[in-house]
Amino acid sequence: MNLRLLAGNAALKGQLEAQTARRGLSHAYILSGPAGSGKRTLARLLAAAFVCREQGDRPCLSCPDCRKAMGGIHPDISAVGDDGKDITVAQVRAVRADAYVRPNEAGRKVYILENAQTMNASAQNAMLKLLEEGPPYAAFLLLTDNAAALLQTVRSRCETLALSPVTEAQAEDWLARRYPDRAREDIVRAARRCEGLLGRAVAELEGAGDTGVQARSAAPELIARLSAGDELAWMEFCISLEKWDRDSLSALFSEGILLLRHALVLRAGGDCGEADPDRRSAAAQAARALSPRAMLAATDVLERLRAACTFNVGAGHLAGWLCAGLVRCRG
């Protein structure tokens, strides 16, 4: 397969190369990995491969079908759940009805279900029936941050492709090619901060919007209040997060994780490479006030909460778990 546009993930590429050489593409894949790991890029490439007109290495990326697929305008490729809302049983039934209408232009029809873990049991069971009984020309790509959230029966009907973070060197190389006009220091900083998830680096270099700005400004306060040990002040901070949305909270948890890792580096006598004075101050305060064990425990709490943001969980619940979880870490 032609997967050169997907950075890193050598094992996954090898898996797909072996499978497609032996028996062609499967009719259903689960694309699993954290936000920013390249699931959408891989989904576009697989969708293009399904509709590609060439007989050689697919996707060719040059035929009309490939160009439409990569541009997101192919009439035989449909996206479900790309609005950020949970996927309902009604949407899955609509996909099932549409799947039995033959393709418009290509030989296959492809359905990309983003945030597939948001399907409840009824929606997943409807999806299972489609996976088992759908027409032979239909293909399904289920994108999820957490494959374990899908029913085992659904997982058993799909090939699972697990995406992995890239190395810092791979991130730098990929970002330098994508942003040839950006300053080298911007590229290096984004590659260092993204934790191997290129989507995060892209969001940072392209501004990240209000969500990223809000998270970056609030993360030093989160770490500083945790380090100070004032439980009342900590509770007040967590209460203020109840009005945030899940995307903003996920970004905040990511920033908090990064600062705690900076603190561990400083605690060990290293240089965390953080230039922003407020963020460096918060990391230094944590390095002085918290033990390595407490910092690792707090990092684990934030990682669990970041994963929980992919589910239908209210901000109030997330803020409450944050408050309770990190107080226990400090204790």
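The values are calculated or read from the model by the stated rules, or taken from the named source; none is laboratory data. Keep in mind that what you see is a predicted model, and the values were worked out from it rather than measured. In this analysis, Cβ positions are derived from the backbone assuming ideal geometry, glycine residues included, and neighbour counts consider all displayed protein chains. When the accessible area is computed, the model is the full protein with side chains, heavy atoms only, and any ligands, DNA or RNA have been set aside. Shrake-Rupley method; radii C 1.70, N 1.55, O 1.52, S 1.80 Å.
List of remarks:
- Within the accessible area of the chain (1.4 Å probe), percent carbon and sulfur: 50
- Relative contact order computed over region 33-190 (Cα-Cα under 8 Å; 6+ residues apart), in percent: 22
- Probe 1.4 Å - accessible area at MET235, Å² to nearest ten: 90
- Between GLU242 and ALA121, the contour length at 0.36 nm per residue exceeds the Cα-Cα span by 40.8 nm.
- Taking every C-alpha pair closer than 8 Å and separated by at least 6 residues, the mean separation divided by the residue count of the chain gives a relative contact order of 17 percent.
- Matching label, Cα extents along the principal axes in Å computed from the structure shown, candidates [x] 63, 44, 32; [y] 76, 59, 38; [z] 79, 44, 38: [x]
- Of HIS74, MET127, LEU113, farthest towards positive along the dipole that unit charges on Lys, Arg, Asp, Glu beta carbons give region 7-153: HIS74
- Taking GluC sites (Glu not before Pro) in DSSP loop conformation with at most 13 other Cβ atoms inside 10 Å as exposed sites, the chain has its longest uninterrupted site-free stretch at 207-331.
- Size of charge dipole - the chain - debye, nearest 20, with Cβ of Lys, Arg +1 and Asp, Glu -1, no other charges: 800
- Were the residues from ASP82 through ALA169 laid out at 0.36 nm apart, the gain over their Cα-Cα distance would be 28.3 nm.
- Within straight-line reach of LYS39, meaning a Cα separation under 18 Å, sit the following lysines at least 8 residues removed in sequence or on another chain: LYS13, LYS85.
- For ILE239, the accessible surface of its heavy atoms amounts to roughly 100 Å² (probe 1.4 Å, protein chains only, rounded to the nearest 10).
- Anisotropy class of region 124-233 from Cα gyration tensor, a/c 1.5 cut: oblate
- The base-10 log of I(q)/I(0) for region 134-186, evaluated at q = 0.14, 0.19, 0.25, 0.30 Å⁻¹, reads -0.63, -0.77, -0.99, -1.21 [Debye formula, identical scatterers on Cα atoms, solvent excluded].
- Choice from THR88, THR153, THR167 with maximal GNM fluctuation in the chain (Cα, 10 Å cutoff): THR153
- With R₀ fixed at 51 Å, the C-beta to C-beta distance from GLN19 to SER281 puts the FRET efficiency at about 0.50.
- Start at zero, step by 5 Å, and the Cα-Cα distances of region 74-173 spread as 2, 12, 22, 23, 17, 11, 6, 4, 2, 0 percent across the bins.
- Basic side chains Lys and Arg get +1 at the Cβ, acidic Asp and Glu get -1 at the Cβ, and with that the dipole of region 149-220 about its Cα centre reaches some 180 debye.
- Between the C-alpha center of region 215-263 and that of region 274-328 there is a gap of 6 Å.
- Rounded to the nearest 10 degrees, the angle from helix 184-193 to the longest Cα principal axis of the chain is 90 degrees.
- Normalised per residue, the accessible area of region 108-176 is 38 Å², obtained with a 1.4 Å probe and no contribution from ligands, DNA or RNA.
- For region 31-87, trypsin sites (Lys or Arg not before Pro) meeting the loop criterion (DSSP other than H, G, I, E, B) and having at most 12 other Cβ atoms within 10 Å: LYS85.
- Rolling a 1.4 Å probe over the heavy atoms of the protein chains gives region 259-312 an accessible area of 50 Å² per residue.
- Extended-chain gain in nm, criterion 0.36 nm per residue less alpha-carbon gap, TRP321 and GLU231: 31.0 nm
- Using the Cβ-Cβ distance between SER156 and PHE311 with R0 set to 22 Å, the FRET efficiency works out to roughly 0.50.
- Top positive-direction residue, dipole computed over the chain with Cβ charges, set ALA43, PRO292, GLY196: ALA43
- Spin-label model distance (nm) - GLU132 vs CYS63, 7 Å beyond Cα toward Cβ: 3.3
- Two-decimal Rg to Rh for region 286-331 - Kirkwood Rh, Cα set: 1.03
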